[in-house]
Amino acid sequence: MSDPAFQRRKPTQARARERVERILATATEMIAETGSDAMRMTELAERAGVPIGSLYQYFPDKPAILRTLALAVMERVRGGLAASLKDVTGRDDALARVDQLLKGYYDLFLDEPVTRDIWSGTQSDKALQALDIEDSRENAGLFFDALKHLVPKRDHARLEAASFLLMQLSGAAVRLAIAVERKQGDRLIAEYRGMMRRELESLLAR
């Protein structure tokens, strides 16, 4: 994934990398406590034990920190996607794994309020929106590569398009589900899981 210039300065030395990790860890703690809206850069610097000037050397503003944390979530999800789709053996195996992947993605947002807050705080961020699309494109490539051997070659173009669309829609569906009351969110995800399954059933060879 291309990495936009969310940080002013990239740490190269071990000490600098440790400082950046401490800043991000402290930001995560503060978001968990009071939410991203209440997080202030001066307090973050104080709690992380870094001079305010050093904080601004690495992160020009609060949105840059939220983007960096969001990017870490994307990379974590991609790693889980790659591991979960490794060596798919057949149609039923693929359907079961994809269903569990979507359930796991929803559970991630339910179980980690910080992740929900980060995404809520960056929905109007144009840079993150572009990154989200690129993230879906890369996830779609993994998805396509894992399932293409189960699809007739004549339908590979359709699988490729469907993979991209499903990756983007899955993120949108989960974000909608966590934005509404839990019972309704569960129903929305159950419905979306059925829609995804039906689409894949129409593509995967028996």
So what is the diffusion coefficient of the stretch 12-62 in µm² per second by Stokes-Einstein at 4 °C and 1.567 mPa s, using a Kirkwood Rh over Cα pairs? 119 µm²/s
Ranked by GNM mean-square fluctuation in the chain (Cα springs under 10 Å), the top entry among Ser136, Ser124, Ser163 is Ser124
For the chain, averaging the sequence separation of alpha carbon pairs under 8 Å that lie six or more residues apart and dividing by its residue count, the contact order in percent is 21 percent
Computed FRET value (nearest 0.05) for Arg137 with Ile52, which takes r as the C-beta separation and R₀ as 45 Å: 0.75
Per residue, how much accessible surface does the stretch 82-134 expose to a 1.4 Å probe? Answer in Å², no decimals. 49 Å²
What length, rounded to one decimal in nm, is gained on full extension from Arg182 through to Ala205, with 0.36 nm per residue of separation minus their alpha-carbon distance? 4.7 nm
Kindly state, to the nearest 0.05, the FRET efficiency for His149 paired with Gln100, given R0 = 25 Å and r defined as their beta-carbon distance. 0.80
Across the Cα atoms of the stretch 22-139, what radius of gyration and what greatest pairwise Cα-Cα distance (Dmax) are found, in Å? 16.9, 55
Given the convex hull of the Cα atoms of the stretch 127-206, what is a quarter of its surface area in nm²? 5.7 nm²
Find how much the distance from Arg17 to Glu112 grows on full extension, using 0.36 nm per residue of separation minus their present alpha carbon separation; answer in nm with one decimal. 31.7 nm
At a temperature of 4 °C and a viscosity of 1.567 mPa s, determine how fast the stretch 51-206 diffuses translationally according to Stokes-Einstein, using the Kirkwood radius over alpha-carbon pairs as Rh; express D in µm²/s, rounded to the nearest whole number. 78 µm²/s
Reachable lysines, given that their alpha-carbon falls under 20 Å from the alpha-carbon of Lys148 and they are not under 8 places away in the same chain: Lys86
Solution diffusion estimate, µm²/s, Stokes-Einstein, the stretch 80-141, Kirkwood Rh from C-alpha pairs, 25 °C, viscosity 0.890 mPa s: 183 µm²/s
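The values are calculated or read from the model by the stated rules, or taken from the named source; none is laboratory data. Computed from a predicted model, the values in this text were never measured in an experiment. Neighbour counts run over all protein chains shown; Cβ positions are idealised from the backbone, glycine included. In case anyone asks, the SASA skips ligands and DNA or RNA and just uses the protein heavy atoms, side chains included. Shrake-Rupley method; radii C 1.70, N 1.55, O 1.52, S 1.80 Å.
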